[in-house]
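Bear in mind that the values in this text are calculations on the coordinates, not laboratory data. Since the model is a prediction, treat every value here as computed from it, not as a measurement. With ideal geometry, Cβ positions are generated from the backbone for all residues, glycine too; neighbour counts draw on all protein chains shown.
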Amino acid sequence: MLDNLTQRLARVVKTMRGQARLTEDNIAEMLREVRLALLEADVALPVIKEFISRVREKAVGQEVIGSLTPGQALVGVVHCELTALMGGEQAGLDLATQPPAIILMAGLQGAGKTTTVGKLAKLLIDKQKKKVLTVSCDVYRPAAIDQLKAVTAQVGAEFFPSTPDQKPVDIATAAIDYARRHYFDVLLVDTAGRLAIDEAMMAEIQALHAAVKPVETLFVVDAMLGQDAVNTARAFNEALPLTGIVLTKLDGDARGGAALSVRHVTGKPIKFTGVGEKLTGLDEFFPERMASRILGMGDILSLVEDARVAVDEEKAKAFAQKLKSGKGFDLNDFKEQIVQMRKMGGLSSLMDKMPAQFAQAASQLQGGAEEKAIGRIEGIINSMTPLERAKPELIKASRKRRIATGAGVQVQEVNRLLNQFEQTQKVMKQFSKGGLAKMMRGMKG
Ligand code: GDP
């Protein structure tokens, strides 16, 4: 999948070396390669544009941490944004309903609906021990009902028979009734597809949806169709309240762009992907894993992850060491903490690594966590003499005025900073007395 993206990125990663920061200039070539690879993969243009600008925004100015090369760091950003593009979190089926949980399958003919019903039944039976009933409302292709019957038998689910002379809504209603009376956990409703979207088809599936009130309405779409897949998904999504998407034939899809665009275009999560014709070929969809697969750079991604962890740990250790040495927490440390927070992507990312009390004190600084405010705090601290930084209690009115003038701020701002520092210092003292072991644990986590 998206092999070209992997190759293109790999090439640029090799050439981007020896720079400490990601800048507009040094990422330009890499972004051009990403754009080309996405175009080749048949990702929709607006999606590409937004994606590239997000990557640029996240990457520019970012410091290249630890032993990474800039290229590797950028791969980290691309990975993050690819994951976000595909929905971020994994979205599972919502089966927490009064049984039977009804799942309606929609899609064009040949998309892989019937096969997917079989695959999904198998997954629910094998993994979740569900009692599954299937039914076909496809009264236009007589072979469709037989096909579902055969598939159902293969996976050990029960099949609710129907005939081409029945109305789809009647079939579904009877199946629901049967599922209720026989305590089925899940009812999978297969529907008719057409070769292209038409009004009659949409009207029928809307009526069916209204009658069966499914908890899940899954749109099954052939990933090989590329942008057409995405357009069809959009049309169905406008006609039906879809709850998720199943991308089939991902095995045969060298381009894979649909996987990247469909979530963005419909706002609905990809819940499963189909690979191969065998009934075991249905996977739950994990955006993060898919992003890794697309990038095909497992080694680099691990490097990026390791570098992040290493930097965090190194800093936490040095900080803990300082407290342990009994040397008081002074304004130099305070400044250092603030600088580190900025490097590590703001307070929030650091906070879950901190012991609760410190995080709480730090959160009072949250309002000033933006670049500018941090810059001012640094400016104020820089205007102090080393002695003042080490012994802030020396800072009385006249020194405050001098510091304020030096930093180009009001005296009140110096006061505010000293107050914040004092609060933090109190917390640090508590920790240096009794809570060190606890804090070390908290910081490693
Ligand atoms: P329906 O018309 O939407 O019910 O589609 P079918 O379930 O009949 O599938 C159409 C064709 O696609 C069949 O030949 C399936 O074996 C094949 N198919 C379905 N899903 C997949 C898949 O994930 N990968 C591959 N390679 N083939 C698939």
Can you give the Rg/Rh ratio of region 119-278, where Rg is from the C-alpha atoms and Rh is the Kirkwood radius?
0.95
Of every Cα-Cα pair in region 24-147, the percentage lying beyond 22 Å is 58
FRET efficiency, residue 32 to residue 195 (Cβ-Cβ, R0 35 Å, nearest 0.05)
0.35
Please report, in cubic angstrom per residue, the volume enclosed by the convex hull of the alpha-carbon atoms of region 3-85.
82
Mean separation of Cα contacts under 8 Å (at least 6 apart) over the residue count of region 101-285, i.e. the relative contact order in percent, is 26
Mind checking region 191-278 for GluC sites (Glu not before Pro) that DSSP puts in a loop (not H, G, I, E or B) and that have at most 12 other Cβ atoms within 10 Å?
277
In region 62-154, the GluC sites (Glu not before Pro) that sit in a DSSP loop and have at most 16 other Cβ atoms within 10 Å of their own Cβ are 89
Please compare each pair in 129/213; 129/167; 130/268; 49/122 to a cut-off of 28 Å on the Cα-Cα distance and tell me which ones are over it.
129/167; 49/122
Order of 279, 250, 242 - criterion: other Cβ atoms within 10 Å of each residue's Cβ, fewest first
279, 242, 250
